[in-house]
Every structure is written in structure tokens, then in C-alpha cells.
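Nothing in this text is a laboratory measurement; each read-out follows from the coordinates by a stated rule. What you see is a predicted model, and the numbers here were worked out from it, not measured in a lab. Every residue, glycine among them, receives a Cβ derived from its backbone with ideal geometry; neighbour counts consider all protein chains shown.
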Amino acid sequence: MNSTTDFLSKLLFIKSGIDSNWDYQFNPVESQETTSRFSLGELFCDVATRHADRPAISNSVASWKYHSLLSAAQKISDQLQSHPEYQPSHRVILLVPNSIAYIAAFYGILMSGGVVVPLPANTERGTLQKILESTEAFYIISTSQVLSRQPDLKGLQSDTICNDELGAQNQTIPPKPIVTTADDLAAIFFTAGSSGKPKGVMLSHSNLISNAQSIQEYLELKMDERPLCMLPFHHAFGNSILQSHILLGAHLVLDGNALFPESIVKAAIFHRCTSLSAVPDLFRTLLERTSFKKANLSSLRYMSVAGGALPHALSVEISQCIVPARFYVMYGQTEATARLAYVPPEDLPELADGCIGRAIPGVILEVVDEKGRTTEPGTVGELRAKGANVMRGYWRDATETRQRIRNGWLYTGDLATMDEAGWIILKGRRNALVKISGYRVHPVDLEEFALRSFPISQAVAVPYESKDVGTRLALYIKLNSKTDQISVSEMNAICRKNLPRQMVPDFIKIVESFPLNHALKIDRSQLSVSAE
């Protein structure tokens, strides 16, 4: 077996068992200007062919060149197309953690003309079932280890790529991506909605390509970049790191473990990484619990933070620690593919807390009032964006799409001001969504999980600000009766086993009743204060 592609033998192709005959036509609500004549799959094939002998991916034990990555992606594409019922535009759920296998599968799905639906490997079973039914996914690509935690999928038909085929790869055969257009749907990234139900953000090939090119421009990325990839690729931020570097022919490093933060510093030094991008919590951890401040990171060119607010003082401290490397504070949304704004590093020390800088190349940002009129400098309004990176809408949710995209503008739901110099300062959110470790989380998701999993009559989840780690969730529950008993430690264990880390409550409290406000509704603000 070819050692550079034996990871493919660990992938399972699971036929979903759901009728995928629904004829989906991708009709964007408001078409944006197309920035590429090619699909993302075609661009990947071109880059991987031109840089065939360059290293593409490394982890702690091995490296793979671009020709191996391309060959693996082609095998996955062939596997999908070998099924007689498979058609371009079919959705394929990618349930694989960060790995060379994930990257090969992502591009292999696109090369087959399919639509990638990336999900966390530990997606809660109820959420997974909703997404599976909504997308009518044709296949689920996963691993046996992930499936051991997904009992609902064990009984479905599955198969693997033949090991014999892996050993017989012919690198002289050119890749054969199915031809799709730049405006065709490429991926659906699911994110929490205002109702707590998962919403599918539809991103075209053009969306993904345009945002990657914009990021390459303002970060001044080069082909010899070696980013340390700690962000999950199923997340919009992590995906932006993947696309912006792969499309340059750069060398991605998959090493280090957030559970053992010192390993991140060691990985950056060992691989001579040129960058690290992360959410605020990880940067707090690096400052407080590792040798980061004293480490020799001479290969570093930049670091970047997004996915939540890092206090300005900490941003400045990190920027000073990594000189002459640069520190970028960035802002974005999944609905904008990833990035919308950034703070030029040279301006960071002088800017106010909460400043997200200016629009990235190719994007227009405005602060407007409720009638869509541009506000005066210093006046609070809603931040809206326009550009080729703005999503094509929410999957099967025309109503929500019309609320978020109006006259070609994406209304972000973030309140902000813009000063005389054009700097944008965030002032909060319009709805109840909270960001935890870079993920948008709705407390309702945790409440629904608790009601399904524990013998209780009521559950209330609220966000609160922890002095040590930032925004977290607290869970208050009311038992069915005094005879139905479950301990807090048991509930904590169930949450840690079955929920993504960002949804696990920092503490759980059993109560006999909930405080009510003047409207006789549960006073969530009081519970949030109590949690602090």
C-alpha cells in the first residue's frame, strides 16, 4: 500500500438511506459578481498539479506532497461517482476531524461535482439527524472511530476505498474534476440560528475563492507559508485558513493539541511555522499556561485572532511578544464565507477596544439605521456588508435569507459605530446568539439536549462571562420529581461525552424554581449574573 495515502483506507463511505432524488436548483437570492471562471475543485487540481513535488501537509509523524493529496482526492471523487445514483449537486456530509483525510475528502467531493457539508466529528446526534434529513445527503464520509460515537449511523450501508487501488495509483493520469461553474453551490456550513435550530449557510465556489484571494492579499501570503492549523476545518475560520493556503500551494501543518497547550508552542518551533490563527480563548491559554512569551518563534510571520473578542490589552501584548511578526485582529461571519474586516497591525496599539478595523479587499462595510440609511460617525447602527464573499442564502430557508440579505447587502446583526477615520467599533448583537471559543452557540441547543438526556422537567441555559476564560454557558435544571434523581457529576459527564466543547456548560445547578421577571417570564439575566 502506498504509505502516503493509506489514510484513505480508514475512511468510511456511508449511504445515508435518505431519498436524495429531490432536484435541487441553486438559485441565489441576490447574485454577486463572480470573481473566478473556475470552480474550487478545478483550482485545487491546477495548484496541486503545478506544485506536485512540494510538501502539502505535515503532522507529527509524516508528510504528504501535493501529488499524493491530489491522488487521494481523485480516489474519493471516483468513489462517489462510482455509485450509479450519485449526481453532481448531491450533498455529502463530511464527518471527519482535522486530518489529511479531511482535506482530501473536501476537495474530492468538489471534484465529483458534489456539495460539501462539513460538520464537527462530535456533532450531537439530534442535530446530525436534523441536518441529514434537511440536506438529503447522499453520502456521509466518516471514520470508524467517529462512528463509534454515532450509534444512529452504525446500521447504514458503508464501504471503504479498496486498498488494492491505493497501491496502484498512476500519477501520470491527469485529474478529472467534474466541470461546475463558479456560481454553483460548493458547501453548506451549518451554524446556529436565532431559534436555536441549525441554519445552513450556502456558499458557492465563487464565495470561497473570492474570500481566500482577499485573505491572501491583506495577509500578504506567500507560497512558502507553513501555517499551524489549530482551528477545525469545519468551522468558517478554519476553512478560510485551509482555502487561502492550499490555493497558494503552501505547506499546512497539523500538529499540537489544545488540551495540552505547550504542545502548540513545541509544534510551531519544530515545524518552523510561519503563522498561527486562533480564537481568543486559545491566545489567553498560550499567554497564561505555556512558554509562549519566551519561546523562540523566529520563523513566525504573523498571528491572527477572530471568532470572538480578544481584549485590546491582550491583543497588544501578543503583538509585542511576536515582533517582528505581525498580529492581525479580524472579524467575520460564516455568512460572509469567513472574513469581513481586519485591523492593520501597525494601527492596533492606537485603536479602541472593540475595534474591528476596516473592510477587507473586495468588501464594502456600512453602518446603517433601521431604514438602511448610513449613520453619522459615532452613531450606533447595524453593520452590513456587500461583496463576492457574501453567502447565497440559507439552505431551504427563504424567509430568513430575505431578512439577512436585502438589496444585495448582508445585514450582520451586529451593532456598530464608524468614526471619522472609517474605523468600525462593535457594540454588541441584536439577538441572543453568543460566541464561545469562536463558535456561534444558542443556549436553546443546550436546553433541548438536557431535556432529551436527563430526567428533568425544565432546563434553562444562559451565557455568562467567566473572568478566566470568557463567555461560557451555565445550565439550570428542574427535576421531574423528588424521586427522579440525577447528580450534577453525572450530567456533566453526559454533556462532556456527547456535546461539542463549546456547548458543554461550565457548571450545572439543580434548582427548585426559576426567578421570574416583571413579565412573569424566567429572568435569564438574573441567572447570568448568578452564574458569574
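Give the peptides 239-251, 140-152 in descending order of average Cβ contacts within 10 Å, highest first.
239-251, 140-152
Which order, highest average first, do 66-74, 94-102 follow once you tally other Cβ atoms within 10 Å for each residue and take the mean per peptide?
66-74, 94-102
Between Arg402 and Ser299, residue separation times 0.36 nm minus the direct Cα-Cα distance comes to 32.5 nm. Beta bridges from DSSP with both residues in the range 442-531: antiparallel share about 75 percent, rounded to the nearest 5.
Dipole of the range 317-408 computed with +1 at Lys/Arg Cβ and -1 at Asp/Glu Cβ about the Cα centre; of Thr334, Ala385, Ala398, farthest Cα towards the positive end is Ala398.
Say R0 is 56 Å: what FRET efficiency, to the nearest 0.05, do Asp347 and Arg37 get from their beta-carbon distance?
0.95
Annotation: amide H-H contacts under 5 Å for Lys509 (H modelled 1.01 Å from N, sequence separation of 5 or more, or interchain): Leu475, Tyr476, Ile477.
Given a Förster distance of 56 angstrom, what is the FRET efficiency for Glu288 paired with Glu85, based on the Cβ-Cβ distance and rounded to 0.05?
0.60
Projecting the Cα atoms of Pro349, Ala309, Ala267 onto the dipole axis of the range 267-406, where Lys and Arg carry +1 and Asp and Glu carry -1 at the beta carbon, places Ala267 farthest toward the positive end.
Each Lys and Arg Cβ is given +1 and each Asp and Glu Cβ -1; about its Cα centre, the chain then shows a dipole of about 660 debye. Could you work out how far the C-alpha centroid of the range 391-408 sits from that of the range 457-532, in angstrom? Result: 33 Å between the Cα centres. Close amide-amide hydrogen proximity is noted between Gly114 and Ser89, each under 5 Å apart and 5 or more residues distant or on a separate chain (H modeled in the peptide plane; Pro and chain starts excluded). Computed extension length for Glu512-Glu532: 5.2 nm, one decimal, from 0.36 nm per residue of separation with the Cα-Cα distance subtracted. Using a ≥ b ≥ c from the Cα gyration tensor of the range 45-146 (square roots of the eigenvalues), is it rounded, prolate or oblate, where a/c under 1.5 gives rounded and otherwise the larger of a/b and b/c decides, a/b for prolate? Cα axes put the range 45-146 in the oblate bin. Per the Kirkwood treatment, what hydrodynamic radius in Å, one decimal, follows for the chain from the mean inverse distance over all distinct Cα pairs? One over the average 1/r among Cα pairs gives 24.1 Å for the chain. In a reduced charge model with +1 at each Lys and Arg Cβ and -1 at each Asp and Glu Cβ, the range 442-531 shows a dipole moment near 80 debye about its Cα centre.
Reported to the nearest whole Å, the Cα centre-to-centre distance from the range 74-90 to the range 323-388 is 40. Of the residues Thr285, Thr191, Gln79, the one whose Cα sits farthest toward the positive end of the charge dipole of the chain, with +1 on the Cβ of Lys and Arg and -1 on the Cβ of Asp and Glu, is Thr285.
Assign one of three labels to the range 380-532, namely rounded, prolate or oblate, based on the Cα gyration tensor with a ≥ b ≥ c the square roots of its eigenvalues; rounded applies when a/c is under 1.5, prolate when it is not and a/b is larger than b/c, and oblate otherwise. Prolate, since a/c reaches 1.5 and a/b exceeds b/c.
About its Cα centre, how strong a charge dipole does the range 66-135 have in debye, to the nearest 20, once Lys and Arg get +1 and Asp and Glu get -1 at the Cβ? Provide the component values of the computation, followed by the final result.
Values: 4 positive and 4 negative charges, 18 e Å.
Roughly 80 debye, rounded to the nearest 20.
Applying the Karplus relation 6.51 cos²θ - 1.76 cosθ + 1.60 with θ = phi - 60° to the range 218-228 yields 3J(HN,Hα) values of 7, 8, 6, 6, 10, 5, 8, 5, 9, x, 8 Hz, where x marks Gly and Pro.
Rounded to a whole number of µm²/s, how large is the Stokes-Einstein D of the range 442-531 at 10 °C and 1.306 mPa s, given Rh as the Kirkwood radius over C-alpha pairs? Stokes-Einstein gives a translational diffusion coefficient of 119 µm²/s.
Neighbour counts of C-beta atoms inside 10 Å place Arg226, Arg384, Arg406 in the sequence Arg406, Arg226, Arg384, starting with the fewest. Peptide packing for 259-265, 289-295 was compared via the average number of neighbouring C-beta atoms within 10 Å per residue; ordered from the highest value, the list is 259-265, 289-295.
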